[in-house]
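Enquirer: Before anything else, here's the structure in question.
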């Protein structure tokens, strides 16, 4: 009986965490998609929009980790000032996001992401994360 309660509690916690993560991701998707639409981004459905951002996140994740770790490491080794580390982070993070979005855009026929739209959302995402450095 205790195992069943524990399992139900774990499943409920997992479901709640997953729902919260999905809600946050959906917010990012629709804000990013809205910003990109200002620059000519087109998609055939909200599912395509969601898939575009999901695939971009998956494709860019390994290099995003490096883009965040490198400036932090150089800052900690005192090879860069805090300002220089933040600038390097924005450049690296935006470049990784642009590369991932171009890759996904090329693979998906249901979206059309012009370079200005990709650059705008990549810079916006990088600038919102810069405080972590």
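The values are calculated or read from the model by the stated rules, or taken from the named source; none is laboratory data. These figures come from a predicted structure and were not determined experimentally. Cβ: placed from backbone, ideal geometry, glycine included. Neighbour counts: every protein chain shown.
Enquirer: Which one of the conditions (1) modelled with pLDDT under 95; (2) out of contact with any strand residue (DSSP E or B) (no Cβ under 9 Å at 6 or more places or on another chain); (3) closer than 15 Å to residue 121 by Cβ does residue 95 fail to meet, given that it meets all the rest?
Expert: Condition not satisfied by residue 95: (1).
Enquirer: Looking at (1) free of Cβ contacts under 8 Å to residues at least 12 places away in the same chain; (2) surrounded by fewer than 19 Cβ atoms within 10 Å (Cβ to Cβ); (3) in contact with a helix residue (DSSP H, G or I) (Cβ under 8 Å, 6 or more places away or on another chain), which one does residue 80 not meet, given that it meets all the others?
Expert: (2)
Enquirer: Oh, and also: Can you pull out the residues in segment 1-58 that are touching a strand residue (DSSP E or B) at 6+ places or on another chain (Cβ under 6 Å) and loosely packed, with under 13 Cβ neighbours inside 10 Å?
Expert: none
Enquirer: Condition first: touching a helix residue (DSSP H, G or I) at 6+ places or on another chain (Cβ under 6 Å) and modelled with pLDDT under 95. Can you find one or more residues in segment 13-32 that meet it?
Expert: yes
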